[in-house]
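Asker: Take a look at this one; I'll ask things after.
The values are calculated or read from the model by the stated rules, or taken from the named source; none is laboratory data. Quantities reported herein were computed from a predicted structural model and do not represent experimental measurements. Here the Cβ is made from the backbone with ideal geometry for all residues, glycine too, and neighbour counts use every protein chain on show.
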Amino acid sequence: MSENVSSTVLFHFTKSMDALKGILKHGFVPHYCPEYTLARIDREAALKRLSPTFAVPMVSFCDLPLSLIRKHLDEYGSFGIGLAKKWGRRNGVAPVIYTHRKARTRQPVLRLVAEATQRRESMTANDLNVLAAYTKPFAGPAWRSHRLETSVQFYDEREWRYVPPIRGPTPLFLHRKDYQCAAKRDALHEQLKRHHALPIPPDAIQYLIVPYDRQEMNILDLHDYIMRFYGKRYGRKEAILVTTAIMTDDCIEQDV
């Protein structure tokens, strides 16, 4: 058994077969995700059990060995896909920058986030926005499934993320009031789907994880979908190779 705490694979998890099929068909589509920062405005929002002030478009991955992803399955969903890390690096996926309230990096990060959310022009402003979008607290509150979780150890997730290279009218930081407007949020997500989806070539797929069921219907469903869709797009041989990546979540050891 490998003792590495990082992996050669980047995992992404979702909660349904339809969502997994959508990823295989369209690639990874960034969606705006509300996240608390270290800034005072977000500490106050969390104390009031309000959602974060801003949301950032992203796709998140974890850099953990297969034997250590059980917690992710429980938190984010039992349908997963593992991609070769070299695919991630080639497409600009990068580890987030973690910091905490007592760290010497805290004040620079706070100033960075403040600058990033206020400035709208120039290369410097864009650089600040990108750095802020990749910065995350070591631990703290999280907004998940429209509710507050008061204490999450984010560092344990070893997150890598893809934040699209946005230009023009699409904002990198979406304010809470705009995020809560479904029509505006959906329109922005459609723009992200059209212009910033991250494609997945067959040779990048290392794992496809589905929940175990006694009749193996999840495996058969995904296998048939891959043979139809990937067979048409890439050819039968490539489709067959992708199906060999399918496994059920009960194969992952829980106590390693």
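Asker: Out of (1) over 17 Å from PHE154 (Cβ atoms); (2) in contact with a Leu (Cβ under 9 Å, 6 or more places away or on another chain), what's the single condition that is false for SER78?
Answerer: (2)
Asker: Right, something else. Return the pair list, or none, for Cβ contacts closer than 7 Å from residues in segment 130-158 that are more than 15 Å from PHE54 (Cα to Cα) to residues that are hydrophobic (A, V, I, L, M, F, W, C) and assigned to a loop (DSSP other than H, G, I, E, B), at least 6 apart or on different chains.
Answerer: Within 7 Å, the pairs are SER151/ALA139; VAL152/ALA139; GLN153/ALA139; PHE154/PHE138; PHE154/ALA139; TYR155/PHE138; TYR155/ALA139; ARG158/LEU64.
Asker: Name the helices (runs of 4 or more DSSP H) wholly within segment 118-225 that hold at least 3 residues that are at pLDDT 95 or above, within 30 Å of ASP249 (Cα to Cα) and more than 17 Å from the chain's Cα centre (by Cα)?
Answerer: Values: elements: 122-133, 176-179, 182-196.
Passing ranges: none, list empty.
Asker: Return the residues of segment 40-50 that are buried (at least 20 other Cβ atoms within 10 Å of the Cβ) and either closer than 23 Å to ASN218 by Cβ or of a type in the set (Gly, Ala, Ser) (or both); say none if nothing qualifies.
Answerer: Passing the criteria: only ALA45.
Asker: Could I ask something else about it? Taking the stated definitions as given, is ILE240 of a type outside the set (Gly, Ala, Ser), touching a strand residue (DSSP E or B) at 6+ places or on another chain (Cβ under 8 Å) and surrounded by 13 or more Cβ atoms within 10 Å (Cβ to Cβ)?
Answerer: no
Asker: Ok, one more. Yes or no: segment 99-107 includes at least one residue that is touching a strand residue (DSSP E or B) at 6+ places or on another chain (Cβ under 7 Å) and either among the small types (Gly, Ala, Ser) or assigned to a loop (DSSP other than H, G, I, E, B) (or both).
Answerer: Taking every residue of segment 99-107 in turn, at least one turns out to be touching a strand residue (DSSP E or B) at 6+ places or on another chain (Cβ under 7 Å) and either among the small types (Gly, Ala, Ser) or assigned to a loop (DSSP other than H, G, I, E, B) (or both).
Asker: Among the residues of segment 3-11, is any farther than 14 Å from TRP160 by Cα and either in contact with an Asp or Glu (Cβ under 6 Å, 6 or more places away or on another chain) or of a type in the set (D, E, K, R) (or both)?
Answerer: Yes, some residue in segment 3-11 is farther than 14 Å from TRP160 by Cα and either in contact with an Asp or Glu (Cβ under 6 Å, 6 or more places away or on another chain) or of a type in the set (D, E, K, R) (or both).
Asker: Now for a separate question. Run PRO137 past the list (1) within 21 Å of LEU192 (Cβ to Cβ); (2) crowded, with 20+ Cβ neighbours inside 10 Å; (3) not charged (D, E, K, R) and report the number of the one that doesn't hold.
Answerer: (1)
Asker: Inspect segment 42-56 for any residue being of a type in the set (Phe, Trp, Tyr), more than 15 Å from the chain's Cα centre (by Cα) and over 26 Å from ILE252 (Cβ atoms) and give the result as yes or no.
Answerer: In the first step, residues of segment 42-56 are kept if they are of a type in the set (Phe, Trp, Tyr); the result is 54.
Filter again for more than 15 Å from the chain's Cα centre (by Cα), leaving 54.
With the extra rule that they be over 26 Å from ILE252 (Cβ atoms), the set shrinks to 54.
Yes, because at least one residue in segment 42-56 is of a type in the set (Phe, Trp, Tyr), more than 15 Å from the chain's Cα centre (by Cα) and over 26 Å from ILE252 (Cβ atoms).
One line per residue, one yes/no per condition, for (1) within 27 Å of ALA84 (Cα to Cα); (2) surrounded by 13 or more Cβ atoms within 10 Å (Cβ to Cβ); (3) in contact (Cβ under 8 Å) with a residue 60 or more places away in the chain:
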position: TRP160; (1), (2), (3): yes, yes, yes
position: ALA182; (1), (2), (3): no, no, no
position: ARG194; (1), (2), (3): yes, no, no
position: GLN215; (1), (2), (3): no, no, no
